[in-house]
Amino acid sequence: MHECILYKSLKGKSVQCFACNHRCIIKENYSGICGVRKNIEGKLCLLVYGVIISENIDPIEKKPLFNFLPHTNTYSIGTIGCNFKCDFCQNYGISQVKEIIGKKISAQEIVKRALKSGCKSISYTYNEPTIFAEFVKEIAVLAKEKGLKNILVTNGYMTKECMDFLGDYIDAMNIDLKSLNEDFYRKLCKSKLSPVLETIKYAYKKGIHIEITTLLIPGENDSEKELKEIVKFISGISREIPWHISRFFPMYKMKNKDVTSIGSLRKAEEIGKKYLKYVYVGNVW
Ligand code: SF4
Ligand code: SF4
């Protein structure tokens, strides 16, 4: 079992994880909210270390990243589990499973496959990479040595300690900014907004290339007021940060919702372009 690094021991045999902002306090024989970091005999262990569920060669634009290594492929991997429980999760089949499943693979083998396939980068994607940060780091260090870039596709809930731990090995991030409303994060994702805003600012400050994605869900985060708040927040950091507006399709616990209308996507694009240099509408064609 692989011992995590991003945690501290507490009284008795309890531990506190600080990979993400849930900062779970975990008793012996229990796992944190993400389900993949378990307290075994007073040590926090990463159950998905070297166990991936998905592995694909994707165009980098699919992450989506449009202004970083354009027209290249990225070697994409993910494990099971997530620290969020979004009702609209488009990947719930891997993010919300309870048992540890996947195939074993070493960091060396992932880097070898990425190089062999001609990819210019490795993306930690499909589920939330923060929850397997220690495995990300091992791969990222090797990848960087071989000249590959490292990309996180993330909900942005990692702690500053986690960002610093991953350090200079992360070159680009696509960060979800799902809403600018605390209630949205609390009710629909079982998490909080403010740490996500901090991550976006911190990643930018660290010089990481960042792009932001907002999934536009009818009636939940698509009001003119909220869209303006989102783009004002992004442009307050830099109007050069690309913003991806993504189309929602009824999924998981939100099957009763409508697909985002083209009109609504266009309205968001129009608002975005008033404040930002790069606005992209995705998931449409
Ligand atoms: S990464 Fe998992 S165990 Fe750690 S604080 Fe977040 S949800 Fe809890
Ligand atoms: S953060 Fe992403 S992967 Fe995790 S539950 Fe939400 S939508 Fe799914």
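Of all residues in the range 38-55, which are within 16 Å of ligand 2 (Cβ to nearest atom) and in a strand (DSSP E or B)? Across the range 38-55, the qualifying residues are Ile52, Ser54.
Sub-6 Å Cβ pairs linking a first residue in the range 1-24 that is of a type in the set (Phe, Trp, Tyr) to a second residue that is in a loop (DSSP other than H, G, I, E, B), at least 6 apart or interchain, are Phe18/Leu6; Phe18/Thr159, ordered by first then second residue. Cβ-Cβ distances below 8 Å connect the following pairs, each with a first residue in the range 155-176 that is under 19 Å from Ser191 (Cα atoms), a second residue that is among the hydroxyl-bearing types (Ser, Thr, Tyr) and more than 16 Å from ligand 2 (Cβ to nearest atom), and a separation of six or more residues or different chains: Lys160/Tyr202; Met163/Tyr202.
The single condition among (1) within 18 Å of Tyr124 (Cβ to Cβ); (2) within 14 Å of ligand 1 (Cβ to nearest atom) that Tyr30 does not meet is (1).
The rows are residues; the columns are (1) closer than 28 Å to Glu182 by Cα; (2) away from ligand 1 (no atom under 13 Å from the Cβ); (3) in the same structural domain as Thr154 (by TED's automatic domain parsing).
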residue	(1), (2), (3)
Cys24	yes, no, no
Pro64	yes, yes, yes
Leu69	no, yes, yes
Thr79	yes, no, yes
Pro129	yes, no, yes
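For the range 219-233, the tally of residues that are under 17 Å from Leu265 (Cβ atoms) and either crowded, with 21+ Cβ neighbours inside 10 Å or of a type in the set (Asp, Glu) (or both) stands at 8.
Restricting to the range 148-163, and then to whatever is part of a loop (DSSP other than H, G, I, E, B) and more than 15 Å from ligand 2 (Cβ to nearest atom), can you tell me which residue is farthest from the chain's Cα centre (by Cα)? Write out each step before concluding.
Of the residues in the range 148-163, the ones part of a loop (DSSP other than H, G, I, E, B) are 148, 155-157, 159.
Among the residues that remain, those that are also more than 15 Å from ligand 2 (Cβ to nearest atom) are: 148, 159.
On the way: Leu148: 19, Thr159: 13 Å.
Among those residues, the one meeting the criterion is Leu148.
Inspection of the range 80-88 identifies at least one residue that is of a type outside the set (Lys, Arg) and either away from ligand 2 (no atom under 16 Å from the Cβ) or at positive phi (or both).
Search the range 176-221 for residues being small (Gly, Ala, Ser) and in a helix (DSSP H, G or I), and hand back the single one that is nearest to Arg23 (Cα to Cα).
Among them, the one singled out is Ser194.
Please determine, by comparing only the residues of the range 164-175 that are in a helix (DSSP H, G or I) and of a type in the set (A, V, I, L, M, F, W, C), which one is surrounded by the most Cβ atoms within 10 Å (Cβ to Cβ). The residue in question is Leu166.
The requirement of being within 30 Å of Ser9 (Cα to Cα) and either buried (at least 16 other Cβ atoms within 10 Å of the Cβ) or in contact with a Leu (Cβ under 7 Å, 6 or more places away or on another chain) (or both) is not satisfied by Asn73.
Residues being more than 12 Å from the chain's Cα centre (by Cα), over 20 Å from Thr213 (Cβ atoms), surrounded by 23 or more Cβ atoms within 10 Å (Cβ to Cβ) and not acidic (Asp, Glu) are represented in the range 108-118 by at least one member. Quick one: is Ile77 within 16 Å of ligand 2 (Cβ to nearest atom), assigned to a strand (DSSP E or B) and under 24 Å from Glu134 (Cβ atoms)? Here the answer is yes, as Ile77 does meet what is asked.
Pairs linking a residue in the range 121-150 that is of a type in the set (Phe, Trp, Tyr) to a residue that is buried (at least 21 other Cβ atoms within 10 Å of the Cβ), with Cβ atoms under 6 Å and 6 or more positions apart or on different chains, are Tyr124/Val136; Tyr124/Leu152; Tyr126/Gly78; Phe132/Val48; Phe132/Thr79. Restricting attention to the range 127-147, the residues that are assigned to a loop (DSSP other than H, G, I, E, B) and surrounded by fewer than 22 Cβ atoms within 10 Å (Cβ to Cβ) add up to 2.
Going through Gly93, Gly35 one at a time, which residue ends up being farther than 18 Å from Met173 by Cα, assigned to a loop (DSSP other than H, G, I, E, B) and within 16 Å of ligand 2 (Cβ to nearest atom)?
Numbers: Gly93 fails: assigned to a loop (DSSP other than H, G, I, E, B).
Exactly one of Gly93, Gly35 is farther than 18 Å from Met173 by Cα, assigned to a loop (DSSP other than H, G, I, E, B) and within 16 Å of ligand 2 (Cβ to nearest atom), namely Gly35.
Reported count of residues in the range 56-66, each being surrounded by fewer than 17 Cβ atoms within 10 Å (Cβ to Cβ) and either among the β-branched types (Val, Ile, Thr) or assigned to a strand (DSSP E or B) (or both), is 4.
The values are calculated or read from the model by the stated rules, or taken from the named source; none is laboratory data. Not measured: the values here are computed from a predicted model. A quick note on method: Cβ atoms are made from the backbone with ideal geometry, for glycine too, and the neighbour counts reach across all protein chains shown.
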